[in-house]
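The values are calculated or read from the model by the stated rules, or taken from the named source; none is laboratory data. Owing to the predicted nature of the structure, the values given are computational and were not obtained by experimental measurement. Here the Cβ positions follow ideal geometry from the backbone for every residue, glycine too, while neighbour counts run over all protein chains shown.
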Amino acid sequence: MTESSMEEQVNSDDQSEVSTQTIPPIKDLRLGKRLAYLLRYGAEKEGLQVREGGFVDIDELMTVPLLRHHQKQEVLREVRESTSYRGHKRFEERPEKDRTLVRALYRRRFERNPYHDGTKVPRLLEVCMEFVCNNIKQFDLECFQDDFIVNCMLHKLRRRRQLTNAVLRSLLSRSLDSLDLHDMYFTNGTARILVQKCPELRKLSLRDAGYAVNDQVVTMLVKNLPNLISLNLSGCKQVTQRSLQVINKYIPLIQHLNLGMIPLTQESLVDFVEKSCELLHLDVSENGLLMEEGAKLLAAICLSRNITFVSHFKF
């Protein structure tokens, strides 16, 4: 993977994580992006051993060519000091007797090493997925029932900016249980494909899917995907309280809902929570309309109903 493509991949996750208080030098910004790529996605692909919990040995990490211009202490300082725009630590350090382990604290989704360990012999699964991705128009996976492999191919194609509606028609099937379309160029046509090809869908992520994800699209989806229990709409800023009303009406068994960065009023959120039957997790981070008092009220209501509540306020 080239340095430019790596930085493009991480940019969607980190575009809002650069502190607005102090802009560090270009070199420091690049180090943060390189670490985010390696510790969230690319460690195994770069030939590193990933231990339980996503930890990587710092000495092994320093052997990766991406970090050849950085010193070990410089990397450790970035691990210790780097924070998101919310003030949350991005990385974690765990000293042990004879080594130091580091990891990303969130958004870990490691891409496996495409080669057999210690060789340059590609894995058969990787070869097959590459062939399908490169010749997707020749395939129809309607009867293919492996969610993991389908989502791996979707991830590959999304990173290449090749994930289109035509590709979705070939890859999606009725048996699909979970689907991650974050950061895809989403259209009304995409929504129609989802309801036609994946009527049994239970988990759907549309994080940062763009302005086309509005109340009309959400209504179409929830009306036709009645089995949804997890929905991520984070960053879909065209969504309003009307979507909350239709979610309560058509998918009352929803358990996980992410509404991060969507400007929704305190009243609409309280009404939604009070009418929810099975809700277990609600994320309203970076809601510009929600004040701290409103967040405290919501947190109290969620606590009384055993709902995990996430916001950008600390209390």
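A few points about this structure:
- Selection of the range 174-188 for residues being of a type outside the set (D, E, K, R), surrounded by fewer than 18 Cβ atoms within 10 Å (Cβ to Cβ) and more than 20 Å from residue 234 (Cα to Cα) yields only 175.
- When we screen 77, 109, 123, 103 for residues that are modelled with pLDDT under 85, within 30 Å of residue 260 (Cβ to Cβ) and among the basic types (Lys, Arg), the only hit is 109.
- Single unsatisfied condition, residue 272 versus (1) assigned by TED's automatic domain parsing to the domain that holds residue 213; (2) of a type in the set (Phe, Trp, Tyr); (3) at pLDDT below 95: (3)
- Test for residue 248: is it within 20 Å of the chain's Cα centre (by Cα) and not acidic (Asp, Glu): no
- Residue 207 being more than 23 Å from residue 286 (Cα to Cα), basic (Lys, Arg) and either touching a residue at least 24 places away in the same chain (Cβ under 8 Å) or crowded, with 17+ Cβ neighbours inside 10 Å (or both): no
- Summed over the range 143-169, residues that are out of contact with any helix residue (DSSP H, G or I) (no Cβ under 8 Å at 6 or more places or on another chain), in a helix (DSSP H, G or I) and in contact (Cβ under 8 Å) with a residue 24 or more places away in the chain total 4.
- Scanning the range 12-32 turns up one or more residues that are outside any loop (DSSP other than H, G, I, E, B), crowded, with 18+ Cβ neighbours inside 10 Å and at pLDDT 85 or above.
- Just so you know, in the range 227-237 the residues that are modelled with pLDDT of 95 or more and farther than 12 Å from residue 181 by Cβ include one that is surrounded by the most Cβ atoms within 10 Å (Cβ to Cβ), and it is 228.
- Evaluation of residue 255 against (1) in contact with a strand residue (DSSP E or B) (Cβ under 7 Å, 6 or more places away or on another chain); (2) closer than 25 Å to residue 157 by Cβ (one fails), failing number: (2)
- Taken as a whole, the range 193-201 holds at least one residue that is farther than 29 Å from residue 273 by Cβ, surrounded by fewer than 17 Cβ atoms within 10 Å (Cβ to Cβ) and among the polar types (S, T, N, Q).
- Note on the range 170-199: among residues that are assigned to a helix (DSSP H, G or I) and under 22 Å from the mean Cα position of the chain (by Cα), the one that is farthest from residue 211 (Cα to Cα) is 171.
- Residue check for residue 281: at pLDDT 95 or above, over 21 Å from residue 86 (Cα atoms) and either outside the structural domain of residue 199 (by TED's automatic domain parsing) or in contact with a strand residue (DSSP E or B) (Cβ under 6 Å, 6 or more places away or on another chain) (or both): no
- Given (1) surrounded by 18 or more Cβ atoms within 10 Å (Cβ to Cβ); (2) over 24 Å from the mean Cα position of the chain (by Cα), index of the condition residue 297 fails: (1)
- Hits in the range 238-260 (condition: crowded, with 20+ Cβ neighbours inside 10 Å and among the hydrophobic types (A, V, I, L, M, F, W, C)): 239, 244, 247, 251, 254, 257, 259
- Residue count for the range 243-261 under the criterion of being modelled with pLDDT of 95 or more and either acidic (Asp, Glu) or within 16 Å of residue 214 (Cα to Cα) (or both): the result is 8.
- Elements of the type helices (runs of 4 or more DSSP H) sitting completely within the range 42-142 and holding at least 2 residues that are free of Cβ contacts under 8 Å to residues at least 40 places away in the same chain: these cover 72-81, 124-134.
- Scanning the range 261-277 for residues that are surrounded by fewer than 20 Cβ atoms within 10 Å (Cβ to Cβ) and farther than 16 Å from residue 297 by Cα yields 263, 277.
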